[in-house]
Each structure stands twice: as structure tokens, then as C-alpha cells.
Amino acid sequence: MDIESPLQIPSKLRQACSDYKLISQTTTYAVYEAKLLQNQQIVTIRALDTSAEAVKTNYAFAATLFVQELLRICSLHPDLLFLNTFEIDESGKMGFATLPYTSLRDELDNLQSAKAKGAIITAFSETKSVKDLISDVLSDIEFLTTKLNARNCHRIINIQNIYHFKEKDTYFLGDWANILNPKNYSIEHGNGELEKQPDEPNLNVADEIFELGLAVLELNGLSQEKLESISASNSTFEGKLNYAVQEVLEDDNCTLPAKTKSLVERMLKKDENLRPKLEEFSSIRAKREAQFKGFETANLRQHGITDFALATLLSSTYGAWKSLKHLNLAENAIHDKGIIELADYTGWKKLESLDLSQNKIGDRGAVELGKNIAWTKLHTLNLQHNSITSSGAAELFKNTAWVHLKSLSLGYNAITDVSFMNDNTSWTELESLNLAGNKLGDQGASDLSKNTSWTQLKYLNLRKNGITDRGAEDLQSNVSWKELRVLDLVENRIGEKGISTLATNTTWLQLEELLLDRNPVYERGAAFLARNKTWKNLKTLSIADCTLGIIGAQTMVKNNIEWTNLQALNLTLNNIDDEGVGYLSQSTVWQNLESLDLCWNSIGWKGAEHLAKNETWKRLKVLILKINFIGDKGAAALSGNTSWTELQTLNLWGNSIGPEGSAALSRNTSWEKLKKLDLSKNLIGDAGAAALGENSSWKELETLDIRFNLITQKGAACLKNNVNWTRLKKFSY
């Protein structure tokens, strides 16, 4: 049945698809075939049916089972789900999309001819197909019985409730709500801890085996009348049942191979003790489970996962995902309760990276994480943007199991005291530490500077921590971080004195990236910085919005002789002016410069002219002059540069460039490797667009942005029709 827009599907998911077709309904949810608008891919959508009586009667129970069925599929076949489509909207509707699947009943009903029907009979008559079907369904039965306390599972074993993922040729059992009773169903004890079900190696699945035997016969063409005859015989004496089964299997129309016939005959024995046991299919199940036990990466970012959903995930994947190495649970709704379950979980012993950023984790969660002893291979832990204070972090740092930890991110929490960090002697392999946005202040910087254990530290992020000159002085005194490559001190309160002390550091010989944006460096601080003689490997220097001025630019060029490896320089928002740019362009030391950002610096045409005369930066790939006022004359000057033959990105956004400047740029012949050109928010107009469209040298151009330029379709057509820009992928006007 085709449907325009099924109301059961949550809003965002509903709007992301079209061509809906209802293909199945169960006790609590509906299943649709649909087409993703983004790529026209056919998918299957499962949506909680809020109009169903069972859902109206007990919404919480129905919704819980819906999520648990999702997590069960996710644990077994993660590559078949589009996890980013899972949605719960404000009205309580929920749904998700997967690769196409159908019920076995639909596979039979959709056959239009005897020939097509014969094909499916052949497929399901093979012993391997039958055993795969049985093992997959029995795996679900075992999970339902041992984990969710389900009873009478045989009631839902029929070809309407058995679904087939053709993509992976796997099967699963649906409509759990038909057998689970809310009164008997329990996942938590009174203490709030996840219930641990006992192992049941001798689980009795005799009734389920019998129903599966009937399903196999039905899939191979047995009439409903004969199926009912066999089923009825099961409640009478043994001889009658055996006779009925033999009659069907020996019929000339039964094409089952001898091995399959023998298996089905045993499945339909009157005596339960003679039917196959669960263990008989264990080897088959082990081989099929190996398909997902090799699963190494689970990206569950932004999936609305709550504490309960996390506990269910842990339960449903127990014994599976044994090869899991990378788990992303960022941007969910996980609180301390969920973290307690996670930290206590012992199933993922190969886990190497865990992302829990942007959740609701507090001190209690941090304490429990610190107690974890199972993740001995963990090397990356991200706890950014949570609510962990110093006390919780202190307990986290007591962990002694994560001896291979290399990267720890605690940025944007509520940590003010870090003195405890120096007590940790287990994480000697730590290479990256992010403490941004924690208001550590000078005392925190002082405490960190005393660390002697992290001799492998390469990356230290202390941005937005209220550090002043005193804290900077203490940091530079550290003598253990000899491998430090990146130091981020953005948006602190480090002034001239602090910068002068930092610049005298002689330990960080390997430093490659120094970020000092939005600190009161001023012109004298720039001079002190430039005199540094230790950081000969420095590749990136960012001192945006530091009030350097003209003199600051002058002193940087005049005093620096060591940074010959400098590749990226960001001087945004420093009021450098034309004169300051003149000094910069005279630099002969920065011969390896590849990226120069001079955005928002009051640069006019004279400054552009100074830049254009530079012959040192022959490796320059990126030039950003956004929000200046170079005008037509400045654009013409830049166009005349012949040294920047490696230039790939040129940003001239908001520079009052008109048709003449556009025409001048078009005549450039030296930027043959240019890939990205931004001329938006200028005064180009149709005439300038027509002139720009005549360019013949930018054959590598991929992105052209000329928005907000009073260009009509006529001007845009001139650009679109350029025959030389064959690689142009993105054109915005």
C-alpha cells in the first residue's frame, strides 16, 4: 500500500524519504519500504506504531522493546543500519532506516509465477540455507529467553515474523512484544544495576525447533492445509505425527535433499528428546557470528542514547563485538548511571579509543571510569564538554590499567585544580592532553609545569584557562616535555612579560605549532617572540587578534632569523596596515611559508602591492586577505605576482574589488595550480564576471565563490561557460 507520508514515522526521518509503501505490521511497529531523497537508495523503515493498541496501553514498554530490537540488530549487523537516521521526536514517535529486508512470507507472496516460486524453493531446500535460517532464529530465541525473560517464543515463529536481510543473507525474528509480558519483563533490580542472567547451556527450545521445521516446509511449498494437519498431529499420539511428516517428505513434490529431509524429520519428532538440540547449531552460529565479531568500529554519535539505552546495548552485545576497538558515543544523553554500567563492562577487552564527549557525565561517572581495569589497550579517551570537576578528575587519574593511554581530552569541564595529575605515574606514554576551557589559572599552569612523568607529551591544549604572565613563566620552566610539538594557549591573558619568558624556553626543541590568538601580546611581545632561538622546527605560528600593529610586524621580521621552517602564519585582526605588510613582505627568512592569513588588517592597495613584490615565498599555497580594502588597484597588483606559482587558495572576500580588478585578476597566468578562489562580497557585477570568465590559466580551479556581487544570470553564464575550468565542482553566485 503506497502512502504519501506515514504519520507514525518521526518528522525528520519522514521528510528525508519519499515513495513510502507499507510492507508489514506487527503488534507494536510498522515496516515501510521507502526511498532516501539524498541518494535515491531504497531502504526499509521501521517505525513505532503509536496508533496500535499495544502501544497505547503501555507506551513505555513498547518503546523500550522497539529500542532493544534496534540494538539487537545493531549488535549483530551494524553495517546494515543507517544509525544516523534513528530518531525520537517530541511526540514520542521513533523510527530508523536499514538496508532493505522483507519477511519470508512476503518473499513467497511476491512470487508471480511457478518458475519464480521454484527458485525460492531451491534456495531454501539447500541444507546450508535451512541451517543458517534455523541458527539465526535460535540465536534470537536464546537472547530473548536468557536476557529478556521471554517465554513461549514458539508463538512468534512463522514466516511472517522471520525477516531476511538479502544483502548479507541473514535472518532475524521480529514482533517481540507478542511474547514479552510487561509484568514478567525486568531489566533492573532495585539497586539500579543491570540484571545478569545466568547461563543456560541446556536451554529447552524444543517447541521452537518444531515451529521452525514447519516454517521450512512452508518455504518449500507445503500447503497450509498440510501444515495444519502436521501441527494438529503434534497434540495427538506419536505415530500419527510421524506418519503425517513422512507422508509430506516422501511426496514427489517435495524437492528437499536427503540431508535436509532428515533434519526436518528430526525437528518434527513427537518426542522432544529426539529433536535437535541448541548445541547442534552452535558451530553454524559461531561461523555466522564471526561475521560481526570482527566488527572493530561503532560510530553511535548523536543517536540520543540514554543511560537505559546504553545498558541495553551492553546487554545485547555481550559476547559479541569482541573485536571492537573504536567506540564513539559522543553527543548523546549519557549520565553517570550509564557510565557506571559502561565502566564495569568487561566485554570489550580490545577497546583502543572511546569518545564520550558532549554527554552529561559528572564526578561519579569519572570515578567509575577510573576504576576500570578491562580496557588495558585503551590509548584514546575523550571526555570533552561534560561536567567533571577536579574531584572526579582526580579519581580518574588514579587509574593504573590504561598504561598505553596516549590521548586524553578533558576540555570544557569544570576542573580548576590539577595538582593531582603529577601523582599519576602510570600513563607514561601520554602524548596528548587537552584541558581547554577549565579555568585552571596560574596555579594550574604551575602545577602542570612540575610534571615529570609525561616525557612523551607532544600536544598540550590550555586555551581559555585564565593563564597570565605568571602561569606562562612557570610553564616554560618545565624540562620534561622535550617531545612537545603543539602548545595551544589561545584566549588567555598572557602579555609581554609572559611572552618574553616563554620565548626563552630551551627545552621544547621539537615545537612545531604555537597558538597564541587573543592574548595581549602587543608589539613588544612580538619582538620577544621573534628573538626565540630554540624553536627552529616551528612550522605554525598563530597570533591573531593580539594587537601587534605596524611595529609588531616590523619587529617580527627584523628580529627573527631562526624560523626557517615556518609554513603557516596567522596574523588576523592585528591592525598591521599597509606599512606593516611592507615589512612582512621583506622577509627573507620564511622561505618555506605556505599559508599567510592577513584577514581584517586595514590593508589597502599599497599593502597588496608590497605583497605582490615578494619573491621569497615561492612555496605559498594559501593567501587570505579577507575583509580588507585593496580595491581594483590592489587586485591588479596581486595579479602581477609571478613568484607564487604554487598558489592554490586565494581569499579576497570583502575587498571593494570592481570590474577592473576582476579583469586584472583574470589576466593572471602564474597561478596555474589555483583551486579555490573567493571573491564574494565585492563589486564585480556582470562586467567583472564576464572579464573573469575569460581566464585561461586556472585549469585546476575547483571552487569559485562570487556571491553578493550584483551578478545576474547573464554574468553567471559567462563564468559557467568558461571552457578551461573543466574541474570546477562548486560555483556559488
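Some points to look at:
- Checklist (1) in contact with a Cys (Cβ under 8 Å, 6 or more places away or on another chain); (2) modelled with pLDDT of 95 or more applied to G362, failing item: (1)
- Failed condition for F629, given (1) in contact with a strand residue (DSSP E or B) (Cβ under 7 Å, 6 or more places away or on another chain); (2) surrounded by fewer than 19 Cβ atoms within 10 Å (Cβ to Cβ): (1)
- Some residue of the range 529-541 being of a type in the set (S, T, N, Q) and at pLDDT 95 or above: yes
- Residue in the range 511-525 that is in contact (Cβ under 8 Å) with a residue 24 or more places away in the chain, closer than 28 Å to A637 by Cβ and either polar (S, T, N, Q) or in the same structural domain as L650 (by TED's automatic domain parsing) (or both) present: no
- Exactly one residue among K626, K633, K714, K681 is closer than 22 Å to D577 by Cβ, part of a helix (DSSP H, G or I), basic (K, R) and not assigned by TED's automatic domain parsing to the domain that holds L573, and that residue is K633.
- Here the condition is being touching a residue at least 40 places away in the same chain (Cβ under 8 Å), touching a His at 6+ places or on another chain (Cβ under 7 Å) and crowded, with 18+ Cβ neighbours inside 10 Å; of S409, S357, it holds for S357 alone.
- Pair list, Cβ under 6 Å, 6 or more apart: the range 702-718 residue within 11 Å of A687 (Cα to Cα), other residue among the hydroxyl-bearing types (S, T, Y) and not in a helix (DSSP H, G or I): I711/Y733; A716/Y733
- Yes/no for S656 being assigned by TED's automatic domain parsing to the domain that holds E615, at pLDDT below 95 and either among the hydroxyl-bearing types (S, T, Y) or over 27 Å from N614 (Cβ atoms) (or both): no
- Scanning the range 501-520 for residues that are closer than 16 Å to T547 by Cβ, out of contact with any Ser or Thr (no Cβ under 7 Å at 6 or more places or on another chain) and either of a type outside the set (S, T, N, Q) or not in a loop (DSSP other than H, G, I, E, B) (or both) returns a single hit, R518.
- Subset of the range 545-572 [buried (at least 20 other Cβ atoms within 10 Å of the Cβ), in a loop (DSSP other than H, G, I, E, B) and in contact with a Cys (Cβ under 9 Å, 6 or more places away or on another chain)]: L571
- Test result for K450, surrounded by fewer than 17 Cβ atoms within 10 Å (Cβ to Cβ) and either outside the structural domain of L541 (by TED's automatic domain parsing) or not polar (S, T, N, Q) (or both): yes
- Among residues that are in contact with a strand residue (DSSP E or B) (Cβ under 7 Å, 6 or more places away or on another chain), of a type in the set (D, E, K, R) and farther than 26 Å from D136 by Cα, K56 is not included.
The values are calculated or read from the model by the stated rules, or taken from the named source; none is laboratory data. A quick note: this is a predicted structure, and the numbers were derived from the prediction, not measured. All Cβ positions, glycine included, derive from the backbone under ideal geometry; neighbour counts span all protein chains shown.
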